[in-house]
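K.L.:
Supplied in structure tokens, the structure appears directly below.
Computed from the coordinates by the stated procedures, all read-outs in this text should not be read as laboratory data. None of the values given here were measured: they were computed from a predicted structure. Methodologically, a virtual Cβ is constructed for each residue, glycine included, from the backbone with ideal geometry; neighbour enumeration extends over all protein chains shown.
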Amino acid sequence: MATRARLEFERDLQLLRQDLLNLGSMVEKAVERAVEALKRYDTKLAQEVIEHDRAIDERSYALEERALLLIATQQPMASDLRIIAATLFIIGELERIGDYAEGLAKIAIRLSAWPPLKPLIDIPRMAEIAIDMLRQALDAFIEMDLERCRTIWRRDDEVDGLYDQVYRELLTYMMSDPRTIERATLLLWAAHNLERIADRVTNICERIAFVITGDPRTLVTPGEPDYPGEREAEHDVE
């Protein structure tokens, strides 16, 4: 029979995980709004995204404190400790994705100084996939669903493929008309931020897989040279 302390711990852990989902929803919305600002050249919306990043940061710090307090006061079992450690990791990744959303909004403001270079098709598609990956990853964490993690992890290749397509198209613009270089570079930064969001989601999936199996390389297909989430980690753009 579970003790009162154990029941309280399980309740607190469940609340923490629910609030993690709420933070994830805030971050998803920030990315969606930032990309919408980019598409519409909407500086007002972009500024709102930038200002809202502080709320994401504050929520992240508050959740971190609660997670650490659970560890300090409840002395969780090994399996519970692994879940709390994963929660802390995911909080950090969500906060970073929020920073990418802020970066996208700043790019939208800078691009508003020029007429549109081209209709945005692949960049919004990258955002759509990355946001869906994030939403699915958070659900996978709540449900501890390893197969869903595998599916999400493989979708990173879709985002990488779109990024390569955007890169080639924008490079063509820059080579054919030097006057487009600054605008094309900003759009490339935007695409890169979205690619990095997807990479952060693969990091989340890898951590969930570790919680479930105890093996950090569970999602890696034999012969894969590295983790998708680790690619180009040194090249973050905000």
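K.L.:
Pick out, from Leu219, Ile152, Ala190, the residue whose Cα sits farthest towards the positive end of the charge dipole of the stretch 4-235, with +1 on the Cβ of Lys and Arg and -1 on the Cβ of Asp and Glu.
P.N.:
Positive-end residue among those listed: Ala190.
K.L.:
Also, I was wondering about something else. Return a whole-number percent for the relative contact order of the stretch 4-235, with Cα pairs under 8 Å and 6 or more residues apart as the contact set.
P.N.:
Numbers: 264 pairs, mean separation 53.6, N = 232.
Answer for the stretch 4-235 is 23 percent.
K.L.:
How much FRET efficiency would the formula 1/(1 + (r/R0)^6) give for Ala55 and Arg150, where r is the Cβ-Cβ distance and R0 is 45 Å, rounded to 0.05? If you can, show how the numbers build up before the last one.
P.N.:
Details: r = 33 Å, r/R0 = 0.73.
Calculated value: 0.85.
K.L.:
Turning to a different aspect of this structure: Please name which of Ala46, Tyr163, Leu20 has its Cα lying farthest along the dipole of the chain towards the positive end, using unit charges on Cβ (Lys, Arg +1; Asp, Glu -1) and the Cα centre as origin.
P.N.:
Ala46
K.L.:
Still on this structure: Could you work out how much longer the chain between Met77 and Glu10 gets when fully extended? Use 0.36 nm per residue separation minus the Cα distance between them, nm to one decimal. Mind showing how you got there, number by number?
P.N.:
Values: separation 67, 0.36 × 67 = 24.12 nm, distance 1.15 nm.
Answer, rounded to one decimal: 23.0 nm.
K.L.:
Right, here's the next one. Determine ³J(HN,Hα), in whole Hz, for all residues of the stretch 81-98 in sequence, where each value follows from phi through the Karplus function 6.51 cos²θ - 1.76 cosθ + 1.60 and θ = phi - 60°; x replaces Gly and Pro.
P.N.:
Going residue by residue, I get 4, 5, 5, 5, 4, 5, 4, 4, 4, 5, 4, x, 5, 5, 4, 5, 4, x Hz, with x marking Gly and Pro.
K.L.:
Moving to a separate point now. Starting at the first residue of the stretch 51-64, write each ³J(HN,Hα) from the Karplus equation 6.51 cos²θ - 1.76 cosθ + 1.60 with θ = phi - 60°, in whole Hz, x for Gly and Pro.
P.N.:
Working through the residues one at a time gives 5, 6, 4, 4, 5, 5, 4, 5, 5, 4, 5, 5, 5, 4 Hz.
K.L.:
Next question, about the same structure. With θ taken as phi - 60° and the coefficients 6.51, -1.76 and 1.60, list the Karplus ³J(HN,Hα) couplings across the stretch 109-126 in order, rounded to whole Hz; mark glycine and proline as x.
P.N.:
5, 5, 5, 5, 6, 10, x, x, 6, 6, x, 8, 10, 6, 5, x, 5, 4
K.L.:
Next question, about the same structure. Only four residue types carry charge here, +1 at the Cβ of Lys and Arg and -1 at the Cβ of Asp and Glu. Report the dipole size of the stretch 4-235 about the Cα centre in Debye, rounded to the nearest 20. If you can, show how the numbers build up before the last one.
P.N.:
Values: 31 positive and 44 negative charges, 79 e Å.
My answer is approximately 380 debye.
K.L.:
How do the peptides 143-152, 102-111 rank, highest first, by the average count of neighbouring beta carbon atoms within 10 Å per residue? Provide the component values of the computation, followed by the final result.
P.N.:
Numbers: 143-152: 16.2, 102-111: 23.2.
The peptides rank, most packed first, as 102-111, 143-152.
K.L.:
While we're on this one: Tell me which of Ile142, Cys205, Leu120 sits at the most positive position along the dipole axis of the stretch 4-235, charges placed on C-beta atoms (Lys, Arg +1; Asp, Glu -1).
P.N.:
Positive-end residue among those listed: Leu120.
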